[in-house]
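The structure under discussion appears below in the form of structure tokens.
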Amino acid sequence: MAKTFDWQLPTEIKFGSGKIEEAGAVCRRYGTKCLIVTTASEPWLEILVVRVKAILAASGVESKWYSGIGVNPTTDQITGGAEAARSFGAQVVLGLGGGSSMDGAKAIAVEATHTDTCWDYLWFRETQPTSATLPVVAVTTTSGTGSQLTQVAVVTKTDERCKSAIYNDMVLPRVAIVDPDLMTSIPPRMTAFTGFDAFTHAFETFIHPGCNPYIEMMAREAISLVLKWLPKAVANGNDTEARYYMALADSLAGLCIRSAGVTLPHGMGMAIGGMYPHVAHGQSLAIVYPAFMEYTQAAAPYQFAWLARQLDPTAASLDDAKAAALAPALLSGFIKAIGISQKLRDVAVPETELDALTVACMVLPDYKNNPRVATPEDMSALVYASW
Ligand code: NAD
């Protein structure tokens, strides 16, 4: 049945080598005071922040650097950033880094301008962020979360061991700057984790009930790009062609999740990240994907067969059901090839907590958008199979 759909892209994308140089002119549109939000200082980041501050200053924008965001940002870290934004009088917030920094910037933009903490504006709350939210400019340094193009800000509340999200167009970046030159410093393992995350956004959109022909084109292109270029980017971080195409895949995949959404693996990944914040987001997805693929493939033969044929062209001779059945093993081979094949036990998740983790995996509604909707028993089996 031909689907009807709407398509809207309010975020301006500045894509390509050297685009970071436009950050000053972009931020100047929103004022003269900019809070730069990043994770803790590291050599690659320090150099980049000095450069960005100079770019902003050249356009008449004064900046303050808040480096208090952690990997998987917490509500306390957002509160620290909101205080910094208020005391500085920030008129624009620039997220500079991976998903953690960009999401941190979005959540700070809300908390700095509202009475409650960012946790009070999560996707399911009655009270939502208003137009008082500070404008966000997102500069991504990973490929990636696609956060530079999404209305999502993922945050963790440590005492609740819960990772959830603001989901509102008010946090959608006004401008996304995607400069692949900023990504050559990502270490191989992080390149693999983040690149696999981009794959999952595209694939989960492809199987999502909200997928439409427009998004499907982008999802398929993003998947093909990741399968071709991620191994090259992992093998040689200075391969600028690989970094370019991974940045493109990430942005296409970000547009996919902005328009449709994610499914079962992301609900599981968020639960893992909430309970075990030392596990990187893409790492959690690589852990649950083999079990998810096995569980889901027969319910979406068209998409799984397409993926199988991308991974192994000889699957072209098989019908969809037979090709789809090959997809889990083929994707597991890809995960191994990029060096991130792990189980929950490898990342210090105790067996005694698997039942609690199962419950947490069903908190976000993502699993309801999977082509096969998991019962609590199914979810338990998926969690145990991933351990
Ligand atoms: P990250 O931002 O957590 O960064 C991971 C590590 O990589 C950090 O130590 C960082 O310093 C380092 N790093 C980043 N860029 C680098 C570079 N160019 N060179 C060297 N090191 C670099 O990683 P991420 O995977 O991009 O983001 C993960 C976060 O994003 C999670 O909290 C996840 O839940 C969230 N997320 C958000 C969305 C969204 O739509 N908002 C989507 C997916 C994931």
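The values are calculated or read from the model by the stated rules, or taken from the named source; none is laboratory data. The shown structure was predicted, so the numbers you read here are calculated from the model rather than taken from an experiment. Because the Cβ atoms are built from the backbone with ideal geometry, glycine has one as well, and the counts that use them run over all protein chains shown. Surface areas here come from the heavy atoms of the whole protein model, side chains and all, with no ligands, DNA or RNA. Shrake-Rupley method; radii C 1.70, N 1.55, O 1.52, S 1.80 Å.
Summed over region 340-387, residues that are in a loop (DSSP other than H, G, I, E, B) and loosely packed, with under 15 Cβ neighbours inside 10 Å total 5.
So that you can scan it fast, the table gives a plain yes or no per residue for (1) open to solvent by 60 Å² or more (accessible area, probe 1.4 Å); (2) more than 16 Å from the ligand (Cβ to nearest atom); (3) more than 25 Å from the chain's Cα centre (by Cα):
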residue: ILE272; (1), (2), (3): no, no, no
residue: ALA286; (1), (2), (3): no, no, no
residue: TYR289; (1), (2), (3): no, no, no
residue: GLN303; (1), (2), (3): no, yes, no
residue: LEU307; (1), (2), (3): no, yes, no
residue: GLN310; (1), (2), (3): yes, yes, no
residue: ALA323; (1), (2), (3): no, yes, yes
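Scan region 174-192 for residues that are open to solvent by less than 10 Å² (accessible area, probe 1.4 Å) and either aromatic (Phe, Trp, Tyr) or within 14 Å of VAL234 (Cα to Cα) (or both) and jot them down. Spell out how you get there, then give the answer.
Step one: filter region 174-192 for residues open to solvent by less than 10 Å² (accessible area, probe 1.4 Å), giving 175-180, 183, 191-192.
Hits for region 174-192 are MET183, THR191, ALA192.
Inclusion of VAL171 among residues that are crowded, with 24+ Cβ neighbours inside 10 Å, in contact with a Cys (Cβ under 7 Å, 6 or more places away or on another chain) and at pLDDT 95 or above is not warranted. Being among the small types (Gly, Ala, Ser) and closer than 20 Å to GLN8 by Cα is a description that does not apply to SER224. Among the residues of region 135-155, those identified as of a type outside the set (A, V, I, L, M) and outside any strand (DSSP E or B) are PRO135, THR141, THR142, SER143, GLY144, THR145, GLY146, SER147, GLN148, THR150, GLN151.
If you check TRP123, TRP44, which single one turns out to be in a loop (DSSP other than H, G, I, E, B), of a type in the set (Phe, Trp, Tyr), surrounded by fewer than 19 Cβ atoms within 10 Å (Cβ to Cβ) and within 16 Å of the ligand (Cβ to nearest atom)? Please lay out each step first, then the result.
Working: TRP44 fails: in a loop (DSSP other than H, G, I, E, B).
Criteria check complete, one pass: TRP123.
Given (1) within 15 Å of the ligand (Cβ to nearest atom); (2) hydrophobic (A, V, I, L, M, F, W, C); (3) open to solvent by 20 Å² or more (accessible area, probe 1.4 Å), identify the lone condition not met by MET217. Answer for MET217: the failing condition is (1). Residues considered: ARG174, ARG243. Of these, the only one that is of a type outside the set (Phe, Trp, Tyr), in the same structural domain as THR113 (by TED's automatic domain parsing) and under 27 Å from VAL37 (Cβ atoms) is ARG174. Taken as a whole, the condition of being surrounded by fewer than 24 Cβ atoms within 10 Å (Cβ to Cβ) and within 12 Å of the ligand (Cβ to nearest atom) does not apply to VAL152.
The condition of being buried (at least 24 other Cβ atoms within 10 Å of the Cβ) and more than 28 Å from SER341 (Cα to Cα) holds for only one of LYS163, LYS106, that being LYS106.
Scanning region 75-102 for residues that are within 14 Å of HIS114 (Cβ to Cβ), without any contact (Cβ under 8 Å) to a residue 60 or more places away in the chain, in a helix (DSSP H, G or I) and hydrophobic (A, V, I, L, M, F, W, C) turns up ALA82, ALA85. Residues in region 13-34 that are of a type in the set (A, V, I, L, M), touching a helix residue (DSSP H, G or I) at 6+ places or on another chain (Cβ under 7 Å) and part of a helix (DSSP H, G or I): ILE20, ALA23.
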